[in-house]
Amino acid sequence: SDVNWSWENTLAYSFTLGKHNLSLMAGNALYKNVAEEYKGAGHNLISSTMLFYNLGGLQDSQQISSSYVQTTMASFFGRINYKFNEKYLMTVTLRQDGSSVLAKDHQWGVFPSVALAWRMNEENFLKNVEQLSNLKLRLSYGISGNSAVSAYQTQGGLGKTMYAYLINNTENGAYGYYPALTPNYNLGWEKTATANIGIDFGFFNNRISGSLDIYQQKTSDLLMQKKVPSSTGYSLAWDNVGKTENKGVELVINTQNFNQKDFSWNTDYTFTLNREKITELADGTDRDISNGWFVGHSIKTHYGLEKIGIWQLDEAEEAAKYGEKPGRIKIKDQNKDGSIDNDNDRIILGSETPDFVMGLNNTFKYKNFDL
């Protein structure tokens, strides 16, 4: 059974005084999710009339399992919207969130933000420019939080496996448990601070419109699962592993190519460019090879031996120096010591992050049909 409930309350107040407009909002939200499961399974009922009402009548492979997962979250928030003369706008928000999936003394986080906007086309020096339909300048800065880990991860967990043992020279099987996930009693919120400058524009009665945004995001206490040495008795651990940085550009342009009574054709152009890198690791080092994390490079970095081709027939003598022969993959000897090994010859090969992404979307409408 799944039971999910939420309780949200908001209080809003707004008033206008001359050219000033002020809106206030405050509220809170409470969420609780409970998933409870009981399962019985098996084969070969004694009687077909029993159906599933008598699990004791299952003759083979009787299995019983159960589970219980509960998560809760509480949020308190407030927002102020202010407008002056319909040209100057400001929004200030503040929220505090608490999540049960994080460690006991690290469950609460505070997240503020502020945004400013200027409707430049409402100014007298632009108001009479007929070709200009919209021109708005935007500035914003804010901090957001992420607690996207499963329930009970801070407490660690056990893995289940099958073991074989001998009794009177007869092999038997039994289930056993092993430590699979190390507990972390300091796991807290992942926080991302974002600064953004943007401009919205429109020309010729918005026949051409769009927006341009330039942003920078800095994430601290990054929530990730990392590999730990097997000598600890564990294999994985959730941790706040360090800091990352994203910065980039987003451009969106919409054109109304045709806009007649029965037929219209619109085109959307998109262009995004993002540069991501790790700026700090939690242990203070500049690399974590076991997880593939390197300061100054993307999280999704490929690290390994550089393959530069195939050994050819006329390279047999040189290939033999590396214990290879023609037809096998040729690995670059990075330090030129005459041998290939993981300690000295692995390098950063590249990243999964694309250099840029472009998109083009056309929408055609004819009467009641669209494509």
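The values are calculated or read from the model by the stated rules, or taken from the named source; none is laboratory data. Since this is a predicted model, take the numbers as computed values, not measurements. Cβ sites come from the backbone with ideal geometry, for glycine too, and all protein chains shown count toward neighbours. Only protein heavy atoms, including side chains, enter the accessible area calculation; ligands, DNA and RNA are left aside. Shrake-Rupley method; radii C 1.70, N 1.55, O 1.52, S 1.80 Å.
Condition (residue is closer than 26 Å to Tyr68 by Cβ, at pLDDT below 95 and among the hydrophobic types (A, V, I, L, M, F, W, C)) applied to the range 123-146: is it met by at least one residue? Steps first, please.
Keep residues of the range 123-146 that are closer than 26 Å to Tyr68 by Cβ, which gives 146.
Of the ones still in play, those that are also at pLDDT below 95 are 146.
Adding the requirement that they be among the hydrophobic types (A, V, I, L, M, F, W, C) leaves none.
There is no residue in the range 123-146 that is closer than 26 Å to Tyr68 by Cβ, at pLDDT below 95 and among the hydrophobic types (A, V, I, L, M, F, W, C).
Can you confirm whether Leu158 is among the aliphatic types (A, V, I, L, M), in contact with a Pro (Cβ under 7 Å, 6 or more places away or on another chain), farther than 30 Å from Thr255 by Cβ and modelled with pLDDT under 95?
On the way: among the aliphatic types (A, V, I, L, M): yes; in contact with a Pro (Cβ under 7 Å, 6 or more places away or on another chain): yes; farther than 30 Å from Thr255 by Cβ: yes; modelled with pLDDT under 95: yes.
It is true that Leu158 is among the aliphatic types (A, V, I, L, M), in contact with a Pro (Cβ under 7 Å, 6 or more places away or on another chain), farther than 30 Å from Thr255 by Cβ and modelled with pLDDT under 95.
For Leu55, the conditions (1) at pLDDT 90 or above; (2) loosely packed, with under 15 Cβ neighbours inside 10 Å are fulfilled apart from (1).
When the residues of the range 9-36 are filtered to those that are of a type in the set (D, E, K, R) and within 27 Å of Ser150 (Cα to Cα), the one that is modelled with the lowest pLDDT is Glu36. Looking only at residues in the range 130-154 that are assigned to a loop (DSSP other than H, G, I, E, B) and farther than 27 Å from His106 by Cβ, the one that is most open to solvent (accessible area, probe 1.4 Å) is Glu130.
Can you find, within the range 275-297, the residue that is surrounded by the most Cβ atoms within 10 Å (Cβ to Cβ) among those that are touching a Ser or Thr at 6+ places or on another chain (Cβ under 7 Å) and either touching a residue at least 60 places away in the same chain (Cβ under 8 Å) or closer than 20 Å to Gly188 by Cα (or both)? Going through the qualifying residues, I end up with Ile278.
Based on what the data block shows, is Ser209 open to solvent by less than 70 Å² (accessible area, probe 1.4 Å) and more than 30 Å from Ser65 (Cβ to Cβ)?
Details: open to solvent by less than 70 Å² (accessible area, probe 1.4 Å): yes; more than 30 Å from Ser65 (Cβ to Cβ): yes.
Judged against the criteria, Ser209 is a match.
Across the range 224-266, the qualifying residues are those that are of a type in the set (Asp, Glu) and within 19 Å of the chain's Cα centre (by Cα), and the one among them that is modelled with the lowest pLDDT is Asp239. Of the residues Asp314, Asp262, the single one that is over 23 Å from Ala237 (Cα atoms), open to solvent by 50 Å² or more (accessible area, probe 1.4 Å) and in contact (Cβ under 8 Å) with a residue 12 or more places away in the chain is Asp262.
Can you spot a residue in the range 113-122 that is touching a Gly at 6+ places or on another chain (Cβ under 6 Å) and at pLDDT 95 or above? Spell out how you get there, then give the answer.
Taking the range 113-122 first, the residues touching a Gly at 6+ places or on another chain (Cβ under 6 Å) are 113.
Next, only the ones that are at pLDDT 95 or above stay: 113.
Yes: the range 113-122 contains one or more residues that are touching a Gly at 6+ places or on another chain (Cβ under 6 Å) and at pLDDT 95 or above.
Among the residues making up the range 116-129, a single one is open to solvent by 40 Å² or more (accessible area, probe 1.4 Å), part of a strand (DSSP E or B) and aliphatic (A, V, I, L, M): Leu116.
In the range 96-115, how many are in a strand (DSSP E or B) and either more than 25 Å from His20 (Cβ to Cβ) or touching a residue at least 40 places away in the same chain (Cβ under 8 Å) (or both)?
Looking only at the range 96-115, we keep the residues that are in a strand (DSSP E or B), and these are 96-99, 108-115.
With the extra rule that they be either more than 25 Å from His20 (Cβ to Cβ) or touching a residue at least 40 places away in the same chain (Cβ under 8 Å) (or both), the set shrinks to 96-99, 108-111.
Here the count works out to 8.
The set of residues in the range 95-106 being open to solvent by less than 50 Å² (accessible area, probe 1.4 Å) and not acidic (Asp, Glu) consists of Gly98, Ser99, Ser100, Val101, Leu102, Ala103.
For the range 58-76, the set of residues classified as more than 30 Å from Ala26 (Cβ to Cβ), open to solvent by less than 100 Å² (accessible area, probe 1.4 Å) and under 36 Å from the mean Cα position of the chain (by Cα) consists of Ser65, Ser66, Ser67, Val69, listed by residue number. Contact annotation: residue pairs with Cβ atoms under 7 Å, 6 or more positions apart or on different chains, pairing a residue in the range 164-180 that is of a type in the set (S, T, N, Q) with a partner that is surrounded by 10 or more Cβ atoms within 10 Å (Cβ to Cβ), are Asn172/Tyr165.
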